[in-house]
Amino acid sequence: MLKINPIILVILLCAALSLASSVAVLAADPAGATTGSAQDVIGATSGSPTAEDIKTAEKSEPFAAKLADTVGQNRIGVNLVWTLVAAFLVMFMQAGFALVETGFTRAKNAAHTMFMNFSVYAIGIIGFYICGFALMYGAAGAIGNLGGTPTLAGGHEFAISLFGKKFGLFGCSGFLLTGQYYDVMVCALFLFQMVFMDTAVTIPTGAMAERWKLSAFLFYGLFMSMILYPLFGNWAWGGGWLSQLGANFGLGNGYVDFAGSGVVHAVGGLCALAGAIVLGPRIGKFNRNGSANAIPGHHIPMAILGTFILAFGWFGFNPGSTLGASGAGNLRIALVAVTTMLASASGAAAAVTYMMIKVGKPDPTMAANGMLAGLVAITAPCAFVTPGEAFIIGAVAGVLVCAGVAFLDKIHVDDPVGAVAVHGMNGLWGVVAVGLFADGTYGGGLNGVARNVTGLFHGGGFGQLGAQLLGVLTLCVWAFGASFVFFTLQKKIMGIRVSKDDEITGLDMPETGLVAYPEFELR
């Protein structure tokens, strides 16, 4: 009797069943070329509509109109989903900031530094929800990639008239997302802009780490999320006066900042500079003769991991700022991703090269900051420059961050993580880079100006560069100036620095009630 291996028998039966099913049913569509047809537009909830179903539907609503509506809704739906996914990536950057800042600071303050990065997320959401979003986007106007957002177009902007032109200062609609702002597309924009705002809010936590009183920090979080960030955000992105420099005065396309070198990073970095100056340096940072002492971080692997998380999240930060993955012109998203990646690499490489020349060692901390500096610098021009120019912008940022850290030490500004150099200095550099390198192939219609964004090096003249320089000046006056006033008043009213004893022993227990590493003796 013929014996057949059971395994072979099972294989033969499966093959026979597979062959039979391929004959009995319609062919599969592994390439996706034939899946989806006009019948799917009808919107049947189960099964496929019959020819009779289509005829019946045609009587109540013309098929072409139904097709157009469905295609339009699907297009906006894709944009909505991409915008939310990008926002989720940016939200994850909060973990990156927490790891970088905690790794670059001392073990005795790890819980305090981590808690600042944690709590600023919640504080930022609350402040932006109450009034920050309304001040920033209360009269932004329709955003085509999000369905025209007609509710935004109906908002009111507080403006003044100068030189016969309207200067928008802040929005007056959308507080607490009530009324007409209770809208799906407005909610998508709110979430996306909220995580951008939270990036700016968290930057000073690094520059002011290891001596900042937690109660003072909490009030700062509300100031940044409700006033400082939203007002400049309105001027640049919410239809305010900086964005209209092109339409009103012929300065290129007005102030252009694709994903926030200025709006997010320079605002946060300049606020950090003001705070670090008012707060003063850590005990032991500077000697009586003015020389600086290195205060090493306690966990460099943690900081490097945080850097990679930030670099990953940046693919939501920059490409996500298209506010949609489909639609006319938004295939540019691929270039945005590539310029972002190239600038991060050249920034890290330039920082390593600079440190090798300067001290003979690569210094992993400066390599990490170099990568972040390249990312910060490319954030404004990422959609408007060639890959080669992105590489140059990132390389300049890598050198600038190393020189910036050394300069801050010379003027006795103590920044434990290099936040001012990474975000403040390179945020401003990214804003200027738009006016220099924008190649004129993208950006038509931006800020109400038909021509593409074109910088000085590509024949655009000084118009775009002039708008960018006015943006830099405004950032320095507003972000630094208003922050300096805020921290100075806060210092006099409630105090912003912990006691000397607490700073020496560590802030974890006195400020948070627990220590990050109870198993070890901390110092």
Just checking, does the range 257-273 include any residue being within 20 Å of VAL120 (Cβ to Cβ), crowded, with 24+ Cβ neighbours inside 10 Å and touching a Cys at 6+ places or on another chain (Cβ under 9 Å)? yes
Answer residue from the range 475-523, given it is under 18 Å from SER215 (Cα atoms), outside any helix (DSSP H, G or I) and free of Cβ contacts under 8 Å to residues at least 40 places away in the same chain and is nearest to the chain's Cα centre (by Cα) among those: GLY513
Residues that are within 30 Å of GLU511 (Cβ to Cβ) and either over 19 Å from the mean Cα position of the chain (by Cα) or of a type in the set (Ser, Thr, Tyr) (or both), at least 2 per element: which helices (runs of 4 or more DSSP H) completely within the range 122-218 meet that? 184-207
Identify all residues within the range 444-474 that are touching a residue at least 12 places away in the same chain (Cβ under 8 Å) and within 30 Å of ALA216 (Cβ to Cβ); write none if there are none. GLY471, VAL472, THR474
Check whether at least one residue in the range 320-340 is closer than 18 Å to LEU305 by Cα, buried (at least 18 other Cβ atoms within 10 Å of the Cβ) and either among the β-branched types (Val, Ile, Thr) or within 23 Å of the chain's Cα centre (by Cα) (or both), and report yes or no. no
Using the structure shown, decide if ALA111 is touching a helix residue (DSSP H, G or I) at 6+ places or on another chain (Cβ under 9 Å) and closer than 30 Å to PRO296 by Cα. yes
Subset of the range 346-402 (residues that are under 18 Å from the mean Cα position of the chain (by Cα) and of a type in the set (Ser, Thr, Tyr)): THR379
Condition broken by ALA334, with the remaining ones in (1) farther than 27 Å from LYS108 by Cβ; (2) modelled with pLDDT of 95 or more; (3) not hydroxyl-bearing (Ser, Thr, Tyr) satisfied: (2)
Any residue in the range 379-390 that's surrounded by fewer than 24 Cβ atoms within 10 Å (Cβ to Cβ): show its pairings with residues that are of a type in the set (A, V, I, L, M, F, W, C) at Cβ separation under 6 Å, as long as the two are six or more apart or on different chains. PRO387/VAL338; PRO387/LEU342; GLU389/PHE437
Given the condition surrounded by 15 or more Cβ atoms within 10 Å (Cβ to Cβ), more than 30 Å from PHE249 (Cα to Cα) and of a type outside the set (Lys, Arg), answer yes or no: does some residue in the range 471-485 qualify? yes
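Across the range 376-412, what is the number of residues that are of a type in the set (A, V, I, L, M, F, W, C), touching a Phe, Trp or Tyr at 6+ places or on another chain (Cβ under 7 Å) and in a helix (DSSP H, G or I)?
Of the residues in that region, 7 qualify.
The values are calculated or read from the model by the stated rules, or taken from the named source; none is laboratory data. Keep in mind it's a predicted model, so treat the numbers as computed, not measured. Every residue, glycine as well, gets a Cβ built from its backbone with ideal geometry; the counts of neighbours run over all protein chains shown.
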